[in-house]
Amino acid sequence: MKPSLFTKTLILCFLFTPTLNALDNWGQWRGPMNSGVAESSDPPVKWSETENIKWKIPIEGNGTSTPIVWEDKVFILTAVKTDQKDISIPDPKDQPKTNFFDIKRPNAVHEFLVLCFDRNTGTELWRDTATKKIPHEGAHNDNDFASASPTTDGKRLFCWFGSAGLFCYDLKGNKIWERNLGEAKVGSSLGEGCSPVLYEDKLVIVRDHAGKGSIEVLEAATGKTAWLRERDEDNAWATPLVVKHSGRVQIITNASDFVRSYDLNSGEIIWQCSGLTGNCTPCPQIEGDHVICMSGYQGYAAMAIPLTETGDLSDSEKIRWSFDRGTPYVPSSLLYKGQLYFNQSNQAILRCVDAKTGELIFGPERINGISNLYSSPVAAGGHIYLVGRGGNAVVLNHAKSYEPVATNYLDERFDASPAIAGDQLFLRGAKHLYCIAKE
């Protein structure tokens, strides 16, 4: 299906200013329109270890960041634990329990790698060790040290390893600049994970944690700080959204105390709104003149907040709609052709609401074949793709009811969200990267 004029116009508002071929790429963590949708793509709905696998390659180390795709290249990040240790740091098994999840500080050096592969063959084109260091704190078993997705404008590649540093490359693997933005202090040592967002010549980094949180905007060409504002928020992992609306470029940050809109150029808070639960992780979604924000830890909450207002909108009648059932904890929602799809917490329970009204279209529906869902859903070609942690993936028709069309299985654990580019589906598992395409 060819992209409409409306779609081509809409994409210019989101996250970076792409050329029109950005519609055939997946240059950031939720795709070209930040919605989880590949508008002009039509990947397979069926696959297995022996069917519709264009290529499958092993990936060393650990990482749950989404692969991104630009033209003939695929990029991923990973962190590789080495045998080199600092004997002044006790071995993790000998450290006392210091938090609820018994997460220990590593004492081994990790290599933080940027990998580039040929999109058509899976051949490695280049790699670079961005840095080597011992992480200053541990990470939850559901997290790792390479969980933020890279982003690109087709000229530069931005790779964020959180406290290990921020790195900018050209697409041939030459490092342009790097920045150390300091160490985060995540509550319970759960690990970092918010992805960088690129908009024209600015790069946005949000860090919400138990220490001194911040939002920082950098010059993409040099890495120099344009402005920085402190944030009084606890743990959150929600990647921000950037949109031009009401004459200003707004950075929307999803967090537990307040959803906030910042002016990209000045750092001024345009509006804020309370009402979400703790540990916010889902990325915001744009629907017309509203932004939809949600969370699903220790409660459920979703609300559609106007982009046209200023000041504190908490508990305001200006909130278009709100929803208090079955919203996601880790995965983000999917906005496709006016319908908002989301799972409950990290469970395989699906709901779909009208994005304009918040009215329930269908659900709750059990996604048969999937037990836990940590990756975010994606859509293309009239289908919804849901990839479960255990290797099962369910494909649905985009419809007003729950209509599964295929259940697929790969022998892998999947926490990373899928990427779609052209008619190819890219799945990053715990050990392998898959390119799925029609044979």
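Throughout, read-outs are computed from the coordinates displayed, never taken from laboratory work. None of the values given here were measured: they were computed from a predicted structure. Cβ: placed from backbone, ideal geometry, glycine included. Neighbour counts: every protein chain shown.
Within 10 Å of each residue's Cβ, count the other Cβ atoms and sort 268, 439, 412 from fewest upward. It would help to have the intermediate numbers written out before the result.
On the way: 268 13, 439 8, 412 19.
Ordered by Cβ neighbours within 10 Å, fewest first: 439, 268, 412.
The helix-only estimate of mean residue ellipticity at 222 nm for the chain, built from DSSP H runs of length n ≥ 4 each weighted as -39500 (n - 2.57), is -500 deg cm²/dmol after division by the residue total.
Between residue 72 and residue 127, the simple spin-label model (points 7 angstrom out along Cα→Cβ) gives 2.2 nm.
For residue 100 and residue 86, the difference between the fully extended length at 0.36 nm per residue and the C-alpha to C-alpha distance is 2.5 nm. Across region 5-436 the C-alpha pair distances fall into 10 Å bins from zero in the proportions 5, 23, 35, 27, 9, 1, 0 percent. Backbone N atoms of region 119-136 closer than 18 Å to the 7 Å Cα→Cβ label point of residue 60 belong to residues 123-135.
Within the straight-line cut-off of under 25 Å between alpha carbons, the lysines reachable from residue 97 are 81, 85, 133, 185, 212, sequence neighbours fewer than 8 places apart in one chain being disregarded. Among 115, 125, the ranking by other beta carbons within 10 Å of each residue's beta carbon, starting with the fewest, stands as 125, 115.
Once the cut-off is 26 Å, how many percent of the Cα-Cα pairs in region 200-353 end up in the long-distance tail?
Numbers: 2648 of 11781 pairs.
Result: 22 percent of Cα pairs exceed 26 Å.
Once you have the Cα-Cα distance between residue 108 and residue 48, take 0.36 nm times their residue separation minus that, and quote the gain in nm to one decimal.
On the way: separation 60, 0.36 × 60 = 21.60 nm, distance 3.63 nm.
Gain on extension, residue 108 to residue 48, equals 18.0 nm.
Taking 18 Å as the cut-off, the amide N atoms of region 281-310 that come nearer than this to a point 7 Å along the Cα-to-beta-carbon line of residue 360 belong to 295-296, 299-304.
Going by how many other Cβ atoms sit within 10 Å of their own, how do 360, 410, 340 line up, fewest first? Each step should come with its number before you reach the end.
On the way: 360 14, 410 21, 340 24.
Placing the least packed residue first, the sequence is 360, 410, 340.
Computed FRET efficiency, Cβ-Cβ of residue 200 and residue 175, R0 30 Å: what is it to the nearest 0.05?
Details: r = 22 Å, r/R0 = 0.74.
According to the calculation, E is roughly 0.85.
Within a straight-line Cα-Cα reach of under 21 Å, residue 318 can be paired with the following lysines, leaving aside sequence neighbours fewer than 8 residues apart in one chain: 244, 356.
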